[in-house]
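To keep things clear, I will list the structure first and then write my remarks on it.
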Amino acid sequence: MKIEVIAKRLDEAALNAQATTQISQEKQLSLEEAYQVQKLSIDRRYDRGEKFVGIKMGFTSKAKMEQMGVHDMIWGRLTDKMHYALGDKITRSDFIHPRAEPEIAFLLAKDINEEVTLANAEDFVIGVAVAIELIDSRYENFKFSLEDVVADNCSSAGFALGEWKMPDTNIKDILMSLVSDDEIVGKGNSNAILGNPWESLVAAARLAQANGVQLRANDIVLAGAATPANYIKVGETVSAHAEGLGSVYLDII
Ligand code: OOG
Ligand code: MG
């Protein structure tokens, strides 16, 4: 099975909201090959007119690694089509088995062409916000190996952003929660993200540079969830809250 064929299969699974078998059951991809598949499958979206708008980090917290049984940080590409406005209606049937997670988002102030460190990270950002990430593994039963999920663009399906706050707004050691209607369905501390969510931006910059992905002014970086993800249901309003950052919600129809 060629990587182009795998990329097409994953892209079509997403387009048709139809789960596919894990690639690892048929072919063992190396991590490098898995990232090539990811690139080729997202190239197909660019060919349909979608635009790159940033990257998402995954498995930056133990809670997420344990939930999904994987052991390493991953990154995927975000496109404009995945960006929903605050309060948008999400059609559940456009997805396979979508889950939501509360996240922190960064808005880049400038192109990243140098090393980002904890000391200078804030200089690269013009805003921080609370976000909901929608993930929807294209694999049956939401089960995958690390290589499978990387090839599948890290399950990326959508995201919505709260209001941008100034980059010096505190995002360390804050409570984050995911709420379904009025019920808290996930709760965590932002420091569960690599000990400090800014570390996720540092890692995103490093990984993008190492993989030839240019991050530019106005691109978005999602830091990864501090809590396990929760399946979304028709009829609910799902919201994410982060202490001091506010909240963001989506209606599921
Ligand atoms: C992979 C995506 C992980 C996160 O925030 O850790 C992720 C998955 O769990 O399907 O988005
Ligand atoms: Mg996520």
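Checking each residue in segment 61-71 for being touching a residue at least 12 places away in the same chain (Cβ under 8 Å), open to solvent by less than 70 Å² (accessible area, probe 1.4 Å) and not polar (S, T, N, Q) picks out A63, K64, M68, V70.
If you go through segment 165-179 and pick out every residue that is under 14 Å from N196 (Cα atoms), touching a strand residue (DSSP E or B) at 6+ places or on another chain (Cβ under 7 Å) and open to solvent by 20 Å² or more (accessible area, probe 1.4 Å), you end up with 3.
I need a count of the residues in segment 214-232 that are open to solvent by 20 Å² or more (accessible area, probe 1.4 Å) and more than 16 Å from ligand 2 (Cβ to nearest atom).
Kept after step one, since they are open to solvent by 20 Å² or more (accessible area, probe 1.4 Å), are these residues of segment 214-232: 214, 216-218, 228, 230-231.
After this cut, where a residue has to be more than 16 Å from ligand 2 (Cβ to nearest atom) as well, the list is 214, 216-218.
Counting residues in segment 214-232 that are open to solvent by 20 Å² or more (accessible area, probe 1.4 Å) and more than 16 Å from ligand 2 (Cβ to nearest atom) gives 4.
Residue count for segment 210-249, restricted to those that are modelled with pLDDT under 95 and not β-branched (V, I, T): 5. Taking S200, is it assigned to a loop (DSSP other than H, G, I, E, B) and either hydrophobic (A, V, I, L, M, F, W, C) or within 11 Å of ligand 1 (Cβ to nearest atom) (or both)? So S200 does not fit the description; no. If the condition is being within 16 Å of ligand 1 (Cβ to nearest atom) and open to solvent by less than 10 Å² (accessible area, probe 1.4 Å), then segment 97-113 contributes P98, A100, E101, P102, E103, I104, A105, F106. Apart from one condition, E114 fits all of (1) under 21 Å from V213 (Cβ atoms); (2) away from ligand 2 (no atom under 12 Å from the Cβ); (3) touching a Leu at 6+ places or on another chain (Cβ under 8 Å); the exception is (3).
Given the criterion over 17 Å from F59 (Cβ atoms) and either within 16 Å of ligand 1 (Cβ to nearest atom) or more than 16 Å from the chain's Cα centre (by Cα) (or both), identify the matching residue among V179, V221.
Working: V221 fails: over 17 Å from F59 (Cβ atoms).
Matching residue, one of V179, V221: V179.
Considering segment 1-97, the qualifying helices (runs of 4 or more DSSP H), each wholly inside and each with 1 or more residues that are modelled with pLDDT of 95 or more, run over 3-16, 31-47.
If you go through segment 114-140 one residue at a time, how many are free of Cβ contacts under 8 Å to residues at least 12 places away in the same chain and open to solvent by 50 Å² or more (accessible area, probe 1.4 Å)? Before you say what the answer is, go through the steps one by one.
First, the residues of segment 114-140 that are free of Cβ contacts under 8 Å to residues at least 12 places away in the same chain: 114, 119-120.
Next, only the ones that are open to solvent by 50 Å² or more (accessible area, probe 1.4 Å) stay: 114, 119.
Final tally of qualifying residues: 2.
Answer yes or no as to whether R45 is crowded, with 17+ Cβ neighbours inside 10 Å, in contact (Cβ under 8 Å) with a residue 12 or more places away in the chain and more than 16 Å from ligand 2 (Cβ to nearest atom). Spelling it out, R45 is indeed crowded, with 17+ Cβ neighbours inside 10 Å, in contact (Cβ under 8 Å) with a residue 12 or more places away in the chain and more than 16 Å from ligand 2 (Cβ to nearest atom).
For residues that are part of a strand (DSSP E or B) and of a type outside the set (S, T, Y), scanning just segment 180-197, find the one that is most open to solvent (accessible area, probe 1.4 Å). Give the derivation first.
Residues of segment 180-197 that are part of a strand (DSSP E or B), as a first pass: 180, 183-189.
The next check asks that each one be of a type outside the set (S, T, Y); those that pass are 183-189.
Working: E183: 115, I184: 97, V185: 48, G186: 8, K187: 147, G188: 14, N189: 49 Å².
Here the residue is K187.
Looking at this structure, is V116 under 30 Å from A7 (Cβ atoms) and in a loop (DSSP other than H, G, I, E, B)? Yes; evaluated as a whole, the condition is true for this residue.
Taking segment 236-253 as the range and being touching a helix residue (DSSP H, G or I) at 6+ places or on another chain (Cβ under 9 Å) and open to solvent by 10 Å² or more (accessible area, probe 1.4 Å) as the test, the residues that pass are E243, I253.
The values are calculated or read from the model by the stated rules, or taken from the named source; none is laboratory data. Since the model is a prediction, treat every value here as computed from it, not as a measurement. Note that we place each Cβ from the backbone using ideal geometry, even for glycine, and neighbour counts take in every protein chain shown. We work out accessible area using only protein heavy atoms, side chains counted, and drop any ligands, DNA or RNA first. Shrake-Rupley method; radii C 1.70, N 1.55, O 1.52, S 1.80 Å.
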